[in-house]
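Here's the structure, in structure tokens; my notes come after.
The values are calculated or read from the model by the stated rules, or taken from the named source; none is laboratory data. Quantities reported herein were computed from a predicted structural model and do not represent experimental measurements. Cβ sites come from the backbone with ideal geometry, for glycine too, and all protein chains shown count toward neighbours.
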Amino acid sequence: MAIARVEPLTTARALRGPFDYLLPERLGEVGVGSLLRVPFGPRRLLGVVVDVAERSELPPERLAEPIEAIEAGVSPELVRLGIWVAREYCSTPARGLELVLPPGTVASGRALAAKRELRAEITPAGGAALDGAVRLGSRQQAVLAALDAAGGEVSAPRLGVDRAALRRLEARGLVSLREAVVRRRPEMPEVGAAPRRVALNPAQREAVTEIVAGLDGAPGELLLHGVTGSGKTEVYLAAAEAALRRGRGVIALVPEIALTPQTLTRFRERLGDEVALLHSRLGPGERRDEWRRLRSGAARVAVGPRSAVFAPIAGLGLIVIDEEHEASYKQEGDPRYDAREVARARASDAGAVLLAGTATPRPESWHGLRRLELPQRADGHPLPSVEVLDMREQAGGAGPLHPRSREALAALVADGGKAIVLLNRRGWSPFMDCRSCGRSFGCPRCDVSLVVHSHELRCHHCEHREEVPAACPDCGSVSLARHGAGTERAASLVSELVDPLPVFRLDSDTAAGPGGHAEILARFGRAPSGVLLGTQMVAKGHDFPEVGLGIVLDADATLRFPDFRAEERTFALVAQLAGRAGRGGDGRVLVQTLAPDAHAIRHAARHDAQGFLAGELDRRRALRYPPFAHLVRVELAAAEAREAHAAAELIRSLLAPRLPESTDLLGPAPRFRLRERHRRQLLLKATERGPAVAAVRATVDEAARELRSRNVAISVDPDPS
Ligand code: ADP
Ligand code: ZN
Ligand code: ZN
């Protein structure tokens, strides 16, 4: 008797699988990772086999049989990974498994079919017919002539005749027909000059040697710390080639597809069809076909954003995490996984090398991973000099631009060249109030200020929008003041300064338009001179040698966030923007700030990651933050503040007795109201991650029913940012 233990793909927390099913012969080969359709009470559900056993605790007459096997499914390694994610991130097995299954399976409840088409080719008899051996109608004549001219197979839709007509020609022996599987190929954005093949410099060679030693011997976790422009991508490519030569597969994670077209292009150009692209903006067919190519082994390199960490690659040798400091590696819905942590777990399970690369490492990686250093830019140019401009001296309506920034920008008009200006805040002004009565303008659904855009007031946390009022709704005064500057206002000021040079604004408002992000970057790239101005998007990924000037406005904006990663983010943002300037020669960077002495800003101005990280690690140690403790955040959200609070107290009381002595349990603390939901949070600081997550998991399972009946949503974030 064979028993399949099946985890049904339903997100109800109350269901505790796996459930046993009897495996009949008719299903063929079924193993761990197979997808089955199973009867489940009155329903039929998709399920994944997570184990196969000889016997069940239930008597055979109580065991149901699966209805059908859906398709090959996934490897046992991926099943382990999906279950691991579900456990580590306090989610359900179904949500964890969904991540590793063929794309679209769970949503559609079936396997998406491969695309097929009919193809025709002319036969020798057909050729003879064209030469007059057989009488032909004029349509038939035309089809045969087209096939003859093509000199090979032509897809039926392109011939402009229906299938029946082709079948008649086939019956007469004039054409041969076959059904072929069509591969849907994703379009690759083409950005940047065609890369030449470069000889690695000594630092790059040393890094590759270390990685290859890991492939051949003891795999480990490596941090490639290379300053901006030091040629990290060349190291990834050489390492990937080495893995492929050893018959091993590769996953290369990039922070976000839109921000990394150059990396993508370079992987494709170097490794060709071995590369499959996996990301959510592909069409369902393309995504499915790329996924299949990986599972079949036709492609052995997966490139994509965080979800590509689940790529179905057997014999994995290397996982690359490019720009490992990027926040986009964190998933913001259930399960709230961190792809960097998943990559570590997967690499360790598969015996693969983990390679995280960046110019601005996270404290966790600096502390925990073995370092490989690329201390210099690959093109031999020095890093640009950085001046910190103290904006406290500029009080009194001087506007958002320091005189030195104004001069440097104005000089572009006469001297040519390009500049990048970073202001990490979109809109015209971050807020507005009434000069007469002091009324402010907030979102009716969230406890935040509305942001002034050129035509309306908008909430940046929900979809709420309203017209900019002509007068104060409270006192009728028309004296409404807009405070501070966002990218819209900065772009308008800079346009005046550099007129007639073009200013390209890049933020999520402009990137949402036609062509989006890549098109704006491409236009900036083509312009002989001009300014690229925008949010953090302008500081990422691209490589424009003509950019000589970089300016950061309000560099301490990110420091004011109440978040233990504020320092690390500020450092990364300023250092990354500085890294965009001077790639083709001398560069100059101006950093405007109200906090010129802040640790993050001082060190970023010196391109000094090591100094920043040493101080930041001391601070983290003293405050018991990662990597010296593990954090778990639990958030409760409800329509009424008191319900959210009561639920948080309930969770606290259930959780506290389950926690190890050394764990701090903080809260409930309020978080700002969001989309009409009042929120409270609990924060755990634990010495060890495992027991803390287990305690939260048990608590959430115990309270799930109660919370649902009270209409309170709970979310657990074991790697909060
Ligand atoms: P990073 O990812 O470290 O910022 P890139 O990999 O984008 O840097 O490389 C920056 C530039 O240096 C690219 O134009 C790349 O072609 C070039 N480059 C990389 N390695 C070398 C090398 N060994 N010799 C010459 N140029 C190189
Ligand atoms: Zn007023
Ligand atoms: Zn809102």
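Of the helices (runs of 4 or more DSSP H) lying entirely inside segment 493-593, the ones with 2 or more residues being more than 28 Å from Gly226 (Cβ to Cβ) and either out of contact with any helix residue (DSSP H, G or I) (no Cβ under 8 Å at 6 or more places or on another chain) or not aromatic (Phe, Trp, Tyr) (or both) are found at 508-511, 516-526. Taking each residue of segment 492-505 that is among the polar types (S, T, N, Q) and looking for partners that are surrounded by 20 or more Cβ atoms within 10 Å (Cβ to Cβ) with beta-carbon atoms closer than 8 Å, six or more apart or interchain, yields Ser495/Val503.
The rows are residues; the columns are (1) free of Cβ contacts under 8 Å to residues at least 12 places away in the same chain; (2) over 25 Å from the mean Cα position of the chain (by Cα).
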| residue | (1), (2) |
| --- | --- |
| Leu553 | no, yes |
| Leu573 | no, no |
| Ala578 | no, no |
| Gly582 | no, yes |
| Ala609 | no, no |
| Ala614 | yes, yes |
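Within segment 452-474, being surrounded by 13 or more Cβ atoms within 10 Å (Cβ to Cβ) and either in contact (Cβ under 8 Å) with a residue 40 or more places away in the chain or within 10 Å of ligand 3 (Cβ to nearest atom) (or both) holds for His453, Arg458, Cys459, His460, His461, Cys462, His464, Arg465.
To keep it simple, each residue is scored yes or no on (1) within 16 Å of ligand 1 (Cβ to nearest atom); (2) within 26 Å of His678 (Cα to Cα); (3) touching a strand residue (DSSP E or B) at 6+ places or on another chain (Cβ under 7 Å); (4) at pLDDT below 95.
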position: Arg458; (1), (2), (3), (4): no, yes, yes, no
position: His461; (1), (2), (3), (4): no, yes, yes, no
position: Cys472; (1), (2), (3), (4): no, no, yes, no
position: Gly476; (1), (2), (3), (4): no, no, no, no
position: Gly486; (1), (2), (3), (4): no, no, yes, no
position: Leu493; (1), (2), (3), (4): no, no, no, no
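Of all residues in segment 336-357 being assigned to a loop (DSSP other than H, G, I, E, B) and under 12 Å from Gly220 (Cα atoms), which is nearest to ligand 2 (Cβ to nearest atom)? The residue in question is Ala352. Among the residues of segment 173-199, those identified as assigned to a loop (DSSP other than H, G, I, E, B), at pLDDT 90 or above and touching a Gly at 6+ places or on another chain (Cβ under 8 Å) are Gly173, Leu174. Considering segment 500-522, the residues that are of a type in the set (D, E, K, R) and more than 12 Å from Leu532 (Cα to Cα) include one that is surrounded by the most Cβ atoms within 10 Å (Cβ to Cβ), namely Asp509.
Within segment 74-92, identify whether any single residue is assigned to a loop (DSSP other than H, G, I, E, B), farther than 22 Å from Asp717 by Cα and of a type outside the set (Lys, Arg), and answer yes or no. Within segment 74-92, one or more residues are assigned to a loop (DSSP other than H, G, I, E, B), farther than 22 Å from Asp717 by Cα and of a type outside the set (Lys, Arg). Filtering segment 298-328 to residues that are farther than 14 Å from Leu99 by Cβ, within 18 Å of the chain's Cα centre (by Cα) and not in a strand (DSSP E or B) leaves Glu323, Glu324, His325, Glu326, Ala327, Ser328. Remark: pairs (first residue in segment 433-448, part of a loop (DSSP other than H, G, I, E, B); second residue among the aliphatic types (A, V, I, L, M) and within 9 Å of ligand 3 (Cβ to nearest atom); Cβ separation under 7 Å; 6+ apart in sequence or on different chains) = Phe441/Leu450; Cys443/Leu450; Cys446/Leu674. Got a number for residues in segment 223-268 being in contact with a helix residue (DSSP H, G or I) (Cβ under 7 Å, 6 or more places away or on another chain), in a helix (DSSP H, G or I) and among the polar types (S, T, N, Q)? Residues in segment 223-268 being in contact with a helix residue (DSSP H, G or I) (Cβ under 7 Å, 6 or more places away or on another chain), in a helix (DSSP H, G or I) and among the polar types (S, T, N, Q): 2 in total. For segment 594-643, residues that are part of a strand (DSSP E or B) and hydrophobic (A, V, I, L, M, F, W, C) total 6. Being at positive phi, more than 16 Å from ligand 2 (Cβ to nearest atom) and in contact with a Pro (Cβ under 7 Å, 6 or more places away or on another chain), is that true of even one residue in segment 358-376? No: zero hits.
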